[in-house]
1. Given the criterion surrounded by fewer than 18 Cβ atoms within 10 Å (Cβ to Cβ) and of a type in the set (K, R), identify the matching residue among R71, R62, R43.
2. When you check R95 against the structure, is it of a type in the set (D, E, K, R), over 20 Å from H5 (Cβ atoms) and surrounded by fewer than 16 Cβ atoms within 10 Å (Cβ to Cβ), yes or no?
3. Consider M193 against the criteria (1) within 22 Å of V275 (Cβ to Cβ); (2) under 17 Å from the mean Cα position of the chain (by Cα); (3) part of a loop (DSSP other than H, G, I, E, B): it satisfies all of them except one. Which criterion is unmet?
4. Among the residues of segment 12-69, which ones are part of a strand (DSSP E or B) and closer than 30 Å to L155 by Cα?
5. Quick check: is even one residue across segment 183-201 touching a residue at least 60 places away in the same chain (Cβ under 8 Å), assigned by TED's automatic domain parsing to the domain that holds V275 and among the basic types (K, R)?
6. Tell me yes or no: at least one residue of segment 217-237 is at pLDDT 90 or above, within 30 Å of G28 (Cα to Cα) and in contact with a Phe, Trp or Tyr (Cβ under 6 Å, 6 or more places away or on another chain).
7. Answer with yes or no whether R213 is assigned to a strand (DSSP E or B), crowded, with 21+ Cβ neighbours inside 10 Å and either at pLDDT 90 or above or among the charged types (D, E, K, R) (or both).
Amino acid sequence: MRTVHDVHARTVRASAAAVGALLDRLAGDDDPLFPVPGWPAMRFDRPLGVGATGGHGFVRYRVTAYEPGRRVRFDFPEGGYHAFEVTPLDADHCRVTHVLEGRFRGARRAAWPIAVRWLHDTVVEEALDNVELAATGTLRAPARRSRWVRLLNRLLWERPTAVAVPSGARLARNAFARTDFQDAWQLPLPPGMPRDPAAWKGVLRGAFPELGRAETADGGEILLGQDARHLDFRASILVESPGTGERTTGHEGRVTLSTVVRTHNTGGRLYFAVVRRVHPVLARAMLRRTHRRLALAAPSAGERELAARAPQSGYGHRVRP
């Protein structure tokens, strides 16, 4: 068994009360602390408080202690914990500390020095960046991801799941009177990701024309496609925010890539009989690649907090390194 004790601390030029107010919003829809969407969001089955169960990504834990504005502790099922704490230093300064205590056995023991430690350190430092930026409006030394961390982030990025063509994808569902093939692939849409479906047009490689658009207050659908002698195809990109359409995952929205195909003749049917074997692999890869690209280009949680306060505070976005 391997016991790990890992501590990250940051002195912030802001009052403990101001920083504690940010901590209290952890895992909420407007969380200004956790580094989303570059990493999986921290989510629980209820508002932040003792007994809330959840985690981020594949890491699961339960809230076992919570002092509003001061401290929150999360215990792992296999033993150990991690915690955030805000400590006042004087009227205008405080220290934010993250502590991890873990007991790893078997494969987890080997995974810690190889991968988990590097991911953990990066996520925590980016969270502390968000605290500093949201509390002070500036960031002195942003955390940088190593090549190894960037590779791990790519390998662990969430994979699309197969779903039925959503009821909200009306352009796709009504594209043809008769459909010979249809499928749909879906990924969650965490805070900070673009809600305009036009931003997702890069999912499809190639200059496919836009054939239709349906906009809503919280997203919408865009339809791309092309007609040929042997078959016609349409690709729909549907963006849904929480509370729209069918049930969403946690507090997050979702983006769905749907494809519908209509064949015209024997040549079209033979052609698509071959294409449909590779189509799911390509569709998943294209959606996943675009999802990650847009997530890494999105404003950080700290930047979003400043933007939300900009009319009142005069803060703007920092220049990202």
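1. On the way: R62 fails: surrounded by fewer than 18 Cβ atoms within 10 Å (Cβ to Cβ); R43 fails: surrounded by fewer than 18 Cβ atoms within 10 Å (Cβ to Cβ).
Being surrounded by fewer than 18 Cβ atoms within 10 Å (Cβ to Cβ) and of a type in the set (K, R) holds for just one of R71, R62, R43, which is R71.
2. Numbers: of a type in the set (D, E, K, R): yes; over 20 Å from H5 (Cβ atoms): no; surrounded by fewer than 16 Cβ atoms within 10 Å (Cβ to Cβ): yes.
Considered against the rule, which asks whether it is of a type in the set (D, E, K, R), over 20 Å from H5 (Cβ atoms) and surrounded by fewer than 16 Cβ atoms within 10 Å (Cβ to Cβ), R95 comes out as no.
3. Evaluating M193 over (1) within 22 Å of V275 (Cβ to Cβ); (2) under 17 Å from the mean Cα position of the chain (by Cα); (3) part of a loop (DSSP other than H, G, I, E, B) leaves (1) as the failure.
4. The first filter runs over segment 12-69 and keeps only residues part of a strand (DSSP E or B), leaving 12, 42-44, 53-56, 59-67.
Of everything in segment 12-69, those that are part of a strand (DSSP E or B) and closer than 30 Å to L155 by Cα turn out to be M42, R43, F44, T53, G54, G55, H56, V59, R60, Y61, R62, V63.
5. Narrowing segment 183-201 to residues touching a residue at least 60 places away in the same chain (Cβ under 8 Å): 183-194, 199-200.
Subsequent filtering for residues that are assigned by TED's automatic domain parsing to the domain that holds V275 retains 183-194, 199-200.
Now narrow it down to the ones that are among the basic types (K, R): none.
No, that holds for no residue.
6. yes
7. On the way: assigned to a strand (DSSP E or B): yes; crowded, with 21+ Cβ neighbours inside 10 Å: no; either at pLDDT 90 or above or among the charged types (D, E, K, R) (or both): yes.
No; evaluated as a whole, the condition is false for this residue.
A quick yes/no check of all residues on (1) within 24 Å of the chain's Cα centre (by Cα); (2) more than 25 Å from A307 (Cβ to Cβ); (3) among the acidic types (D, E); (4) surrounded by fewer than 15 Cβ atoms within 10 Å (Cβ to Cβ):
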{"site": "F58", "(1), (2), (3), (4)": "yes, yes, no, yes"}
{"site": "G106", "(1), (2), (3), (4)": "no, yes, no, yes"}
{"site": "W112", "(1), (2), (3), (4)": "yes, yes, no, no"}
{"site": "V116", "(1), (2), (3), (4)": "yes, yes, no, no"}
{"site": "D129", "(1), (2), (3), (4)": "yes, no, yes, no"}
{"site": "E132", "(1), (2), (3), (4)": "yes, no, yes, no"}
{"site": "R154", "(1), (2), (3), (4)": "yes, yes, no, yes"}
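The values are calculated or read from the model by the stated rules, or taken from the named source; none is laboratory data. Quick caveat: nothing in here was measured; it's all calculated off a predicted structure. Heads up, the Cβs are rebuilt from the backbone with ideal geometry, glycines too, and the neighbour counts pull from every protein chain shown.
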